[in-house]
Structures are given as C-alpha cells and as structure tokens.
1. Enter the accessible area per residue of the range 1-148 (Å², integer; probe 1.4 Å; all protein chains in place).
2. About the Cα centre, and with charges only on the beta carbon of Lys, Arg (+1) and Asp, Glu (-1), how big is the dipole of the chain? Nearest 20 debye, please.
3. On a 0 to 90 degree scale, rounded to 10, what angle separates helix 34-49 from the longest Cα axis of the chain?
4. Identify, among V18, A65, S207, the residue whose Cα sits farthest towards the positive end of the charge dipole of the chain, taking +1 on the Cβ of Lys and Arg and -1 on the Cβ of Asp and Glu, with the dipole about the Cα centre.
5. Out of the total accessible area of the range 151-206 (probe 1.4 Å, heavy atoms of protein only), what percent is carbon and sulfur?
6. How tilted is helix 208-221 with respect to the longest principal axis of the chain? Cα atoms for both, answer in degrees (0 to 90, nearest 10).
7. Mind giving me the FRET efficiency for Q260 and E99? R0 is 30 Å, r the Cβ-Cβ distance, nearest 0.05 is fine.
8. Between the range 64-80 and the range 192-264, how far is it from one alpha carbon centroid to the other, in angstrom?
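The values are calculated or read from the model by the stated rules, or taken from the named source; none is laboratory data. Just so it is clear, the model here is predicted, and its values are computed rather than measured. FYI the Cβ positions are ideal-geometry reconstructions off the backbone, even for glycines, and counts take in every protein chain you see. SASA here: full protein model, heavy atoms, side chains in, ligands and nucleic acids out. Shrake-Rupley method; radii C 1.70, N 1.55, O 1.52, S 1.80 Å.
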Amino acid sequence: MSEERFGEFVVVRRHGHVAELVLDRPKAMNAVSSEMARSIAGACAALGADRDVRVVVVTSTHERAFCVGADLKERNSFTDADLLRQRPVARGAYTGVLELPVPTIAAVHGFALGGGFELALSCDLIVADRTAVVGLPEVSVGVIPGGGGTQLLPRRVGAARAAELVFTARRLPAAEARELGLVDELVEEGRDREAALDLAARIAANSPVGLRAAKRALRLGHGLDLRAGLEVEDAAWRSVAFSGDRAEGVAAFNEKRKPQWPGE
C-alpha cells in the first residue's frame, strides 16, 4: 500500500486499483477549512487523471466523525468579501468528489453533517456503520446546503422527503438513514471502512473502461427524458464497444478465465 499526502489534512492511500481518499483533520472532526477544501480538490484532480484508479473510497481518521461540515470557526472570522472569495474554494472540494470519473464510495461513521454529508452525497454509494448520524442542518445556522445537498438529496430520496429533511435541519440516526435511502448499506459499528473497501475491490475487478463509461451514462442520463437518456447510453456504449477491454472481456468469458484488462 502506497500513501501520498495532499496538504496537511488529506491522504491518498492506494490499494491496488482502489484509491482511498482519507479525510485527516481529527482535531477539528474533519471540519472543512479553506486549506482542507483545496487539498480535497487537489487529490480528486490527481485521482481523476490517473488511469490506474478504478474506484475511490472516501474515509475518515476521526473515531467519532466522518466530517462535520464547513469550518464555522474559520467562517466566523470572515468578512463578507472573505466569504465570497472562499466560495469557489469550498465548491471545488464538493465538485472534485462529484466529478470523479470512476465509481466512488463514502465510508461513514459518526457525524456526517452539512458539508460532511454533502461529501458523502457526492459519492455514488454510501456505506455507513451503526454509529452514523447524518443530516443537512444548514438552515439552523442561517444558510442553505451549498455543497450540492439541495440537488443531490432529492435525487436520492425524492423532492418532498428532501424538503422535509432540509427544512427541519434534523439529524438522522443510521437505521432511519438507511430506511429512507440516505445511505445504501448499513454495517456493524467500526466496519464502514472495511465494507466500503471490500465493495470497492469487487467493483475494481471489472473493466476500467466499462466502469468509467457506465458512470458517465448514469450521471449524464439522470433527469433526462427516456429518449434523450437512451441517446446518452448509446454514446457511452459506442465509446467502449471497440475498446481493448471489450475484446478482452469477451475472450476471457469464452476461455473461462479472469480478464486481464488493458484499460483502453
């Protein structure tokens, strides 16, 4: 396993074709400061450009939190001009995760609130353990979810459910979060990282060309009418139909062996 640090608060660990993006600001329960936001964005840019990466898992080093959201202590010292200047920096962290071209999984335990839950929502899948507490409490401090929450949550749970959760600012325990679809898999306490990495390894065994194209089709097609969505799917299919991965996948199937993906 190799390890690379991005600034003071973000670490990327490599597990073969799986990259683990580790939130590592334990003294602040991974509150996202300007510096940490830049590091998340930088790590995502590097991972997105690395053709050897097939899956990214977002994890936390803090025992009781995935991420508690924006660094409100830092924000408290901001002038209005400071806050305006910081906005694209903060957005860069969330869009960095959201726009990763490979499948992404969040491994959540403890608090995932506000921007912390938005980082998880920016992933394709969320694995949580039974200590998880999630929510978007922004209206309780005079703002709104600004890291994608108002757009990503209704895509998961529907417009009315998302409205209730955003407007009440309430926190949900893990069992209710799973029941309502805010998280995808619920595991025993302390197993979120292990379960997410296991799931990532299963995904990473598949064609890297196929995975990227499938994610592109899923993301670009969402919200389109069926006819337009099928055109998006067709374009993604055409991008893989004549690839080395497709040729290897068909050959391996017929020869009853594991494929050795060329990744192109």
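1. Working: 6110 Å² over 148 residues.
Ligands and nucleic acids excluded, the figure is 41 Å² per residue.
2. Working: 34 positive and 36 negative charges, 45 e Å.
Computed charge dipole of the chain: roughly 220 debye.
3. It works out to around 0 degrees.
4. Of the listed residues, the answer is S207.
5. Details: 1520 of 3070 Å².
Summing carbon and sulfur atoms, their accessible area is 50 percent of the total for the range 151-206.
6. Approximately 60 degrees, to the nearest 10.
7. Details: r = 29 Å, r/R0 = 0.97.
The computed FRET efficiency comes out at 0.55.
8. Answer, in whole Å: 38.
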